[in-house]
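See below for the structure under consideration.
The values are calculated or read from the model by the stated rules, or taken from the named source; none is laboratory data. The structure displayed is predicted, hence computed values, not measured ones. Backbone-built Cβ (ideal geometry, glycine too); neighbour counts: all protein chains shown.
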Amino acid sequence: MTQDMKVFENLESVVRSYVRSFPTIFTKAKGYKMWDENGKEYIDFFAGAGALNYGHNDQKMKEKLVEYIMSDGITHSLDMASTAKAEFLNKFNDVILKPRNLDYKIMFPGPTGTNTVESALKLARKVTGRTDVISFTNGFHGMTIGSLSVTGNSMKRKGAGIPLQNTVTMPYDNYVDNHDTLEYVERFLEDSGSGVAIPAAMIVETVQGEGGINAARFEWLRKLESICKRWGILLIIDDVQAGVGRTGTFFSFERAGIKPDIICMSKSLSGYGLPFAVTLIRPDLDIWTPGEHNGTFRGNNHAFITAAASLDYWKDDTFEKEVQAKSEMIYQFLTKMVETYPELKGEVRGRGFMVGIASEVDGLSNKISAKAFELGLIMETAGPKDEVFKLFPPLTISEEGLKKGFEIIEESIKSLVK
Ligand code: PMP
């Protein structure tokens, strides 16, 4: 039976958002494709806002999950020990941490990105005994009071209904052209005369997703790390969106050569679009008292199964190389769009598969996204004024799929600027 879009208007809270941007009822998805109830096919350049880096319904993960379900494997166990959990812990350590020379304790903070950020902020305060946290302009970290208080988006902050406290917002890299914004951060920390409190932590995305696909330079990240070390401030990297290969390496900070104190991961970590998050903690900082941060839905066993299977993509560097080669195709396409259509007043932004075009023309990116949707491509916008159209295909997309998506984007641009 087909459904009426009116059901959402009538029954769902006005807070609903994506249902407005992509107004159709979806029924099915595989790889980089989605279908709606009218049988219309869409190319997915959205990938669940970064939760579907391996595409929809990956065959191998699906088979493992079905096999597990059919064998009556544990579904819910709070954080009790299970074979699924042991498999994930071992594989994450063997395939991801050890080869990168990384040593972290793995915490299950709750099912979402917001949960991992919340746990990181709490732990940093507990470890240092300090209150404030430095975050950055246009950063996005989540929707609870704690994670929202480090989110640099005034529209989202209004959702809290009250002013949010204990955070200091500093300018992100490239916030001011040709200016090293970290000099400003250091000056601020040195200014004890005006009563500046040394913060517990700094929280940062290496590439800002929701904030407009702003990529921090690797030197900037290295300098940020050294400032944190100098002042005994914990460095929290929020890899919820930029992690799990999105920028071309498993962790987004790998090529910068830094070692964060705490890492937040979620979105694509389950591999299959299931709610799942981890907080990676430098072992000596893992000072929680047992039970101090708990929750009913920590460590989803189905997600352990699919996440463990997804890590096979990272057993050697084949997948990483493929992702990097396809990133180059995307980058070349975007550069060509900016050059061919000067009316866009566009700038190519991002890194790897986390890229987009920022258009200076008011409202144009939203129009491009809407037109693309009409033509069968799902692509969202980002940035404080929705000025960026954001290309977020699954990392597993074929070259053919990419090219089809590029055609629709060019067609959409052409129809709006010519
Ligand atoms: N951090 C970052 C960088 C994010 O992009 C997001 C989600 N867009 C979050 C945290 C919050 O994750 P969730 O929506 O799963 O709570």
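Values computed for the structure shown
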| item | result |
| --- | --- |
| Lone qualifier among Asn178, Asn174, Asn214 - being polar (S, T, N, Q), more than 27 Å from Lys126 (Cα to Cα) and within 17 Å of the chain's Cα centre (by Cα) | Asn214 |
| Selection count, region 286-324, where residues are in contact (Cβ under 8 Å) with a residue 24 or more places away in the chain and either of a type in the set (Lys, Arg) or assigned to a loop (DSSP other than H, G, I, E, B) (or both) | 12 |
| Hits in region 207-222 (condition: within 13 Å of Lys259 (Cα to Cα) and either touching a residue at least 60 places away in the same chain (Cβ under 8 Å) or surrounded by fewer than 20 Cβ atoms within 10 Å (Cβ to Cβ) (or both)) | Phe218, Arg222 |
| Within region 333-414, strands (runs of 3 or more DSSP E) holding 1 or more residues that are touching a residue at least 12 places away in the same chain (Cβ under 8 Å) and among the small types (Gly, Ala, Ser) | 346-351, 354-359 |
| Residue pairs meeting the criteria (Cβ under 6 Å; at least 6 apart or on separate chains; first free of Cβ contacts under 8 Å to residues at least 12 places away in the same chain, in region 1-18; second not in a loop (DSSP other than H, G, I, E, B)) | Phe8/Val19 |
| Failed item, numbered, when Gln165 is tested on (1) surrounded by fewer than 15 Cβ atoms within 10 Å (Cβ to Cβ); (2) more than 18 Å from Gly142 (Cα to Cα); (3) touching a helix residue (DSSP H, G or I) at 6+ places or on another chain (Cβ under 8 Å) | (2) |
| Tyr184 within 14 Å of the ligand (Cβ to nearest atom) and farther than 23 Å from Gly110 by Cβ | no |
| Pairs, first more than 10 Å from the ligand (Cβ to nearest atom) in region 112-127, second assigned to a helix (DSSP H, G or I), C-beta under 8 Å, six or more apart | Leu121/Gly146; Leu121/Ser147; Lys122/Gly146; Leu123/Leu285; Val127/Leu285 |
| Within region 87-111, tally of residues that are within 16 Å of the ligand (Cβ to nearest atom) and either on the phi > 0 side of the Ramachandran plot or free of Cβ contacts under 8 Å to residues at least 24 places away in the same chain (or both) | 1 |
| Only listed residue being loosely packed, with under 12 Cβ neighbours inside 10 Å, charged (D, E, K, R) and either touching a Gly at 6+ places or on another chain (Cβ under 6 Å) or within 19 Å of Phe319 (Cβ to Cβ) (or both), chosen from Lys60, Lys91, Lys64, Lys98 | Lys98 |
| Filter result for the condition that a residue is away from the ligand (no atom under 15 Å from the Cβ), out of contact with any Gly (no Cβ under 7 Å at 6 or more places or on another chain) and on the phi < 0 side of the Ramachandran plot, over Ala372, Ala309 | Ala372 |
| Ala201 surrounded by 20 or more Cβ atoms within 10 Å (Cβ to Cβ), within 16 Å of the ligand (Cβ to nearest atom), on the phi < 0 side of the Ramachandran plot and without any contact (Cβ under 8 Å) to a residue 60 or more places away in the chain | no |
| Single residue of Arg230, Arg282, Arg246 found to be closer than 26 Å to Thr396 by Cα and of a type in the set (Lys, Arg) | Arg246 |
| Test: Arg125 is among the basic types (Lys, Arg), at pLDDT 95 or above and buried (at least 19 other Cβ atoms within 10 Å of the Cβ) | yes |
| The one condition in (1) more than 30 Å from Val348 (Cβ to Cβ); (2) buried (at least 24 other Cβ atoms within 10 Å of the Cβ); (3) more than 13 Å from the ligand (Cβ to nearest atom) that Phe251 fails to fulfil | (1) |
| Selection within region 260-275 - in a loop (DSSP other than H, G, I, E, B) and either touching a Phe, Trp or Tyr at 6+ places or on another chain (Cβ under 8 Å) or of a type in the set (Ser, Thr, Tyr) (or both) | Pro260, Ser266, Gly271, Tyr272, Pro275 |
| Of residues in region 175-185 being at pLDDT 90 or above and out of contact with any helix residue (DSSP H, G or I) (no Cβ under 6 Å at 6 or more places or on another chain), the one surrounded by the fewest Cβ atoms within 10 Å (Cβ to Cβ) | Glu183 |
| Residues within region 276-285 that are part of a loop (DSSP other than H, G, I, E, B) and either of a type outside the set (D, E, K, R) or within 12 Å of Gly110 (Cβ to Cβ) (or both), tallied | 2 |
| Tally of residues being surrounded by fewer than 19 Cβ atoms within 10 Å (Cβ to Cβ), of a type outside the set (A, V, I, L, M, F, W, C) and within 16 Å of the ligand (Cβ to nearest atom) across region 263-306 | 2 |
